[in-house]
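What follows draws every value from the coordinates through simple rules; no lab data is involved. Quantities reported herein were computed from a predicted structural model and do not represent experimental measurements. Cβ placement follows ideal geometry from the backbone for every residue including glycine, while neighbour counts extend to all protein chains displayed.
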C-alpha cells in the first residue's frame, strides 16, 4: 500500500507527525482513485488524494467502499472507547485513560526511567537494520551497532518519557502498540533519512496508521539530530545537546491511540511540548519547576516577555492550517503558544488540578467531533469569551513569572 502522509505537525526543528488510512476507491461508474479517508459526515465523505482534499457524497462510491467508510468510522469510535464488538481489544485497541480511578492534580517532583541495564536487549539481524535494541516498552532499529553509552542513553530517554506521560495525572495511560513495542528507526545520515521517506526540512517524524482495529506507528529520525556523533569507529553521545526532538516524538508515539479521537492539534502538540520542555538529565525529568522550564523554552531564555498566538485561533485551528502555516514559515509561534496553553489547562486553570481538562478529555473518547466542540465550550472556556480566557491565561502566567501579550 502506498503511503500518503497527512501532515499533522511540524516542530521547530522540523519534526513531523503523519497518519495513514489509504485504499483504492472505486466510483459507482467503475473509475478508481487512491485516497485517504479523513472523515464521514452523514453521507459526505472527506477524502485526501494526491490532488487535494475533497468532500464527495458517499453514494458516488461502490457498495464495498461505502461499507468500508462506515466501518472505518465505527472502528475509530470503538478504538476511542477502547472496545470492539467482541469486547476489549487489548493492545490493538486499548482503553483510554482510566478516569474512574484518576487522582487529578497530584504531580510527581521527578520522573525516572526505572530501567536496569540487563533489561536492554540487543538483537543482531541480517536485514536493512543490522541491530535492534529493545527496552520494556520500546524498540529502536539502527543501521550499525551503537556503543553501550548511546544505547543506555536512548533507553533511558525512551523509558523516562513513557513514564512521564504515564504519570501525568490526567489519565493518558499509554499502552504498547499492536506489536508490543513502540518502534523507532534510526539513520546514519540525514540523506538516509530522506531517502526512506523523511520530509525535506524535517528533523524527524512520527507516523501512525490504523487498519481495522489495529494501530501501529514508527518514529524516524537521523542519529545526527539526537546529539549522537560518529567518530569513525563508533557512535558517541554529546551530552551538551538536548534530545527534545526525540522526547517530543516519543510523547506523540505513546499517545498514539488518542489520534483516533478528535484531539485538537494544539493540545496534542502542546502536551508534547510540555514534556520536551522539561529539564532532563541521565534518565530523569525534574518537574519541580515545570513553569520555569516552559518559560525558558518559549522565550529562549531571553527575558520573560512572550507574544502568544490568540486563544481563539489556537483552539480552533485545523491540522491542515497548522501544517500549512509551518510549511510557509509562519507557524513557529504555534508550538510555543500550544505549550503555554496546554500547561495552563494542566496546572493553572480553575483549581489548578487539571480537572477541567480531564472532563474535556473524557468527552473526546466518544470520537464525536461535534461533541468535542461542545465540550471545549463547557469545560475549557466555561462561559468565558476568548478575550476573557486570554486575560485569565496572562494573569495566571504572570504569577509564574511570564509576561504574555496576545
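Of note:
- The simple Förster model, with R0 at 22 Å and r as the Cβ-Cβ distance, assigns residue 316 and residue 58 a FRET efficiency of 0.25.
- When peptides 360-370, 162-172 are ranked by their average number of other Cβ atoms within 10 Å per residue, the highest-first order is 162-172, 360-370.
- Gyration tensor (alpha-carbon) shape descriptor, segment 297-390, a/c threshold 1.5: oblate
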